[in-house]
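One structure is given here, and the rest of the page talks about it.
The values are calculated or read from the model by the stated rules, or taken from the named source; none is laboratory data. On a predicted model such as this, the values are computed, not experimentally measured, just so you know. Note that each Cβ is placed from the backbone with ideal geometry, even for glycine, and that neighbours are counted across all protein chains shown.
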Amino acid sequence: MKRSKWLFYTVGAGWWLVWLTAAGLAQVVTKVEPPDWPTVIRPTTIELLLTGENLTGVHLASNTPGITTGRVEVTSNGRYAFCEVTITPEARPGPVQLNLLTPNGVRPLPWALFAPLPRTAAFRGLTPDDVVYLLMIDRFANGDRSNDAPPGMPPANRANPRAYHGGDLRGVIEKLDYLQALGVTAIWMTPVYDNADASEDYHGYGATDFYAVESRFGTLEQYQTLAQEVRRRGMKLLQDVIPNHTGPLHPWVRRPPTPTWFNGTPEQHLVCNFDIPALTRPDATPHERALVLEGWFAGILPDLNGADEKYKRYAIQNSLWWTEKVGLDGMRLDTYPYVVRTFWRDWQRAMDDAFPNFTAVGEIWHGDPNIIAFFRGGRTGWDGIDTGLRSQFDFPLFYAIRDFAAGNAPASRLAGLLQQDALYGNAHMNVTFIGNHDVPRIMRACGGDWRRVKLALALLMTLRGIPQLYAGDEIGMDGGEDPDNRRDFPGGFGDTPNAFTPAGRAPDQQRLWEETQQLLALRRRHRALRHGRHRDLVVEGRQWAFVREDGKEKLLVVVNGNGNRVEVPIPAASICDGAPNRPCTVNPVHSSFPVNDRKMQARETLRVPVEAFGYRVFRVR
């Protein structure tokens with residue numbers, strides 16, 4: 001055997017392994033994905049993706065008990081090797097002795113197993129008992145100034161609305177008490193993946209490494225610490241995942257692991273036309289579907305091919321790895337419709353098998369319930385596929401609430417949407433929202449009127465679903481189209497005023513913050529608001545009265561979308577279940593008017609005064 005030596009370096013979440021021989025450069029492995037794996041309770045086979053050079057002819061062997069190796073497939077250019085590894089219950093956490101058998105001899109391939117978290121500690125999923133808080137890591141709070149200008153990268157620049165601003169994971173950790181005081185129970189952060197250093201990828205959706213944390217946000221260890229702190233408070237953590245595309249600077253783009261890893265190339269590709277309805281129609285042409293499924297997002301982001309079996313296995317393993325490594329409770333599935341449904345079916349099966357309570361929330365951006373419900377699991381579509389998806393963002397209700405609060409829609413539009421809830425199977429698992437990082441702020445939609453924002457929040461917290469807030473909406477932050485809707489949270493970057501504290505909020509901001517806190521507490525106190533059935537009583541113009549009841553509790557909610565105080569007449573028979581001789585008592589549980597308990601006969605009419613853009617909630621007994 002020729003004399004040789006090897007050098008071993010660790011960089012981020014991967015390894016750099018360089019082998020040198022007396023004859024010159026030989027096999028080189030620059031990255032192993034996944035970099036490690038949890039121990040298992042039943043035999044599990046995964047596929048390692050090795051990236052390097054001159055890998056043709058390599059094989060893999062294991063000297064660690066409980067670890068066996070299988071098939072190795074090397075790409076024709078020798079840059080990638082797909083290596084099957086089987087982990088059995090006999091394997092223990094710690095280093096794994098994998099050996100790469102090369103034409104130049106046997107070379108060590110460092111790898112490891114780690115102990116997974118107890119299933120009772122994380123992986124809890126979402127329920128209607130939760131309230132989710134969406135925050136953009138870069139725009140929320142800067143807790144660590146040392147990562148504002150990593151070596152070789154442009155420094156954070158808050159004057160540029162599309163540049164990195166300095167928010168990080170340490171900043172999120174420092175604000176957990178604030179979030180808990182507000183009453184939220186789950187946190188959804190924009191992606192943590194490593195993104196391009198010199199570009200404007202602060203948002204995280206242009207990944208250049210799916211197994212590394214963006215250095216400007218912090219480290220994997222800080223991400224794990226955040227998850228631990230979230231769990232310690234009894235809260236939950238969701239990760240934003242992006243199986244549809246990479247950033248244009250990902251190394252794969254010029255040298256993909258398989259010929260079909262991407263749909264198209266930088267020089268020749270389709271552009272996504274976002275025609276989601278075409279995917280729901282059996283008569284759509286292959287070209288119509290291809291524009292949606294294979295087109296590059298905005299013509300810029302390289303489209304990953306969910307139909308490529310190698311990529312699908314990589315992406316599924318990636319989601320399993322992050323969930324185990326961090327201890328996630330759920331995931332937000334970005335650009336859900338733009339990935340083939342066979343991918344989602346297999347992804348969901350794998351996640352359900354590993355984490356039965358885990359919740360994946362699909363982003364299907366369309367305002368028609370018939371369209372978004374097509375992607376819901378529990379039944380097969382025209383293509384014979386059941387995606388298994390149990391939760392999705394309720395975009396139809398999002399549009400309706402915003403339009404009602406802004407004065408552009410009657411109450412009948414809201415009521416009509418809820419009448420279509422059977423389309424979803426379990427509509428209580430829909431994630432409802434009035435704002436996110438992709439649309440103008442709710443304050444902008446409501447013309448700067450905090451009362452209208454309060455009305456939108458009231459509807460969000462009293463209707464069915466899992467409510468989601470967007471960071472800053474609780475203080476009425478303003479903002480137009482992207483990137484104006486992604487302003488820094490006031491006070492999160494060491495500046496003043498500091499809206500994380502009552503003293504740092506303007507009067508309207510404090511009023512809205514307190515209203516939000518009270519609404520979250522109201523929802524938390526009353527199970528009927530979280531799990532109850534919905535029944536309309538009055539749907540007239542911009543007045544809406546409905547009941548939420550779960551068998552043990554009945555609540556009456558009365559909403560006024562007008563700019564003046566009104567009295568909403570409600571037949572007592574509809575409140576008291578229509579029994580002619582059965583009285584009922586109505587008492588306020590949330591009201592801006594002082595009202596005493598009132599006992600009514602079914603033949604009476606209850607006249608409920610409601611302030612402009614106001615709401616009232618009563619218990620019915």
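Residue-level check: of (1) surrounded by 21 or more Cβ atoms within 10 Å (Cβ to Cβ); (2) of a type in the set (V, I, T); (3) without any contact (Cβ under 8 Å) to a residue 40 or more places away in the chain, T265 misses just (1). Taken over the stretch 106-122, the residue count meeting the criterion of being buried (at least 17 other Cβ atoms within 10 Å of the Cβ) and not in a loop (DSSP other than H, G, I, E, B) is 4. Filtering the stretch 205-228 to residues that are in a loop (DSSP other than H, G, I, E, B) and surrounded by fewer than 23 Cβ atoms within 10 Å (Cβ to Cβ) leaves Y205, S215, T219. Being surrounded by fewer than 16 Cβ atoms within 10 Å (Cβ to Cβ), under 28 Å from R162 (Cβ atoms), among the small types (G, A, S) and more than 22 Å from the chain's Cα centre (by Cα) holds for only one residue in G295, G299, and it is G299. Residues that are crowded, with 22+ Cβ neighbours inside 10 Å and either within 18 Å of the chain's Cα centre (by Cα) or of a type in the set (D, E, K, R) (or both) within the stretch 302-311 comprise just one, D303. The criterion of being of a type in the set (S, T, Y) and farther than 17 Å from V184 by Cα does not hold for T462. For W111, the conditions (1) touching a Ser or Thr at 6+ places or on another chain (Cβ under 6 Å); (2) modelled with pLDDT of 95 or more; (3) not β-branched (V, I, T) are fulfilled apart from (1).
Quick one: in the stretch 379-402, which of the residues that are within 24 Å of the chain's Cα centre (by Cα), of a type in the set (D, E, K, R) and farther than 21 Å from L529 by Cα is surrounded by the most Cβ atoms within 10 Å (Cβ to Cβ)? Among them, the one singled out is D386.
Quick one: is A122 of a type outside the set (D, E, K, R) and touching a helix residue (DSSP H, G or I) at 6+ places or on another chain (Cβ under 8 Å)? Taking the combined requirement at face value, the residue satisfies it.
The set of residues from the stretch 78-112 being among the β-branched types (V, I, T) and more than 16 Å from I46 (Cβ to Cβ) comprises T102, V106.
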